[in-house]
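Peer 1: One structure is given below, represented as structure tokens, and several questions about it will come after.
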Amino acid sequence: MSVSVHRFGSVALGVFLATSIAMAFPTRAFSQIIILRPYGGGGVPDPTLPTVIASGCFGCPVVVDFSACGSDIRLATVQSPGVVVACAAQTVTTMTNAVGTVSLTIVGASNTSSPSAPGSPEGCASVTIGGVFFGFWSVATADLNGARGGLGDLGMDATDTIQFAGNRTPDAVTVPCTSTNPTYRSRANYISITPCAFQVIDGLDTLAFARFRFGVGRNAAAGGTGSNGPFCP
């Protein structure tokens, strides 16, 4: 499990990247990444690698605004119960629980067909909880080319693997805060650290991608629903 604490003004933000993976990821601080995902088994959002935010605000509205992410990021029109998507505003709203935390498992996908296709800028999504700004978050997508499929999208398949590999290599380094990988895109960066390492897609990201790609509950070829969409226009 990755645990971090960051301060925005007087507000302490605890970010817990819950993996539920047999081989736990090493601790990496400030993992401010929201991963959009396909549906898993039973038509509910894939639970892999949720972004869990501990806010200290109990029963408060959580608003994630994706409007600055551009056409690369598409939100699904149907989310889990208690999660409301506003397509025109490109926002997702939910609530913190009785202990002030929220687990984000937002359904969506990237709208691309090539590793070199333009991507969203780092930190394109903003998060507010109870009206308090909780920072800018980068957005990754497990389904790297899903939004092209619309209503009939099959979720993740070999084309996603090929696209991830195209973003994964060549290996990147920071010089500083700038990737030397010409096909680096934030949509394929699932695990990260600060400062500047948002620009690196490495073995931890490969493990994360594999969890989504080959999990039975979310991969149609492995017996799950493996679906995604329909998406907001």
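Just so you know, all these numbers are worked out from the coordinates, no wet-lab data involved. Computed from a prediction, not measured in an experiment: that's the story for all the values here. Cβ placement follows ideal geometry from the backbone for every residue including glycine, while neighbour counts extend to all protein chains displayed.
Peer 1: Around I73, under 12 Å between beta carbons, what's the net of Lys plus Arg minus Asp minus Glu among the other residues? All intermediate terms of the calculation are to be shown ahead of the outcome.
Peer 2: On the way: positive: R74, R185, R187; negative: D65, D72, D143.
That works out to 0.
Peer 1: Could I ask something else about it? With r defined as the distance between the Cβ atoms of S113 and V78 and R0 fixed at 22 Å, what FRET efficiency is calculated, to the nearest 0.05? Present the calculation step by step, with values, prior to reporting the outcome.
Peer 2: Details: r = 23 Å, r/R0 = 1.07.
Using R0 = 22 Å, I get an efficiency of 0.40.
Peer 1: Can you list residues whose amide H is under 5 Å from N145's amide H, if they're 5+ apart or on another chain and H is modeled 1.01 Å from N?
Peer 2: It is S110, by chain and number.
Peer 1: To the nearest 0.05, how large is the calculated FRET efficiency for N181 and V52 if R₀ is 30 Å and r is the Cβ-Cβ distance?
Peer 2: Numbers: r = 29 Å, r/R0 = 0.97.
Given R0 = 30 Å and the Cβ-Cβ separation, E is 0.55.
Peer 1: Now a separate question. Of T51, T128, T159, how do they rank once you tally other Cβ atoms within 10 Å and put the fewest first? Numbers along the way, then the final one.
Peer 2: Numbers: T51 22, T128 17, T159 14.
The fewest-first ordering by Cβ neighbours comes to T159, T128, T51.
Peer 1: Another question about this same structure. Taking amide H atoms as placed 1.01 Å from N in the peptide plane, list the residues 5 or more away in sequence, or in a different chain, whose amide H sits under 5 Å from that of C60.
Peer 2: Correct list: T96.
Peer 1: Non-local amide H neighbours of F66 (under 5 Å, H modeled in plane, Pro and chain starts lacking H): which ones?
Peer 2: Distant-sequence amide H within range of F66: T91, V92.
Peer 1: Going by how many other Cβ atoms sit within 10 Å of their own, how do D160, D202 line up, fewest first?
Peer 2: Numbers: D160 24, D202 14.
With the fewest neighbours first, D160, D202 line up as D202, D160.
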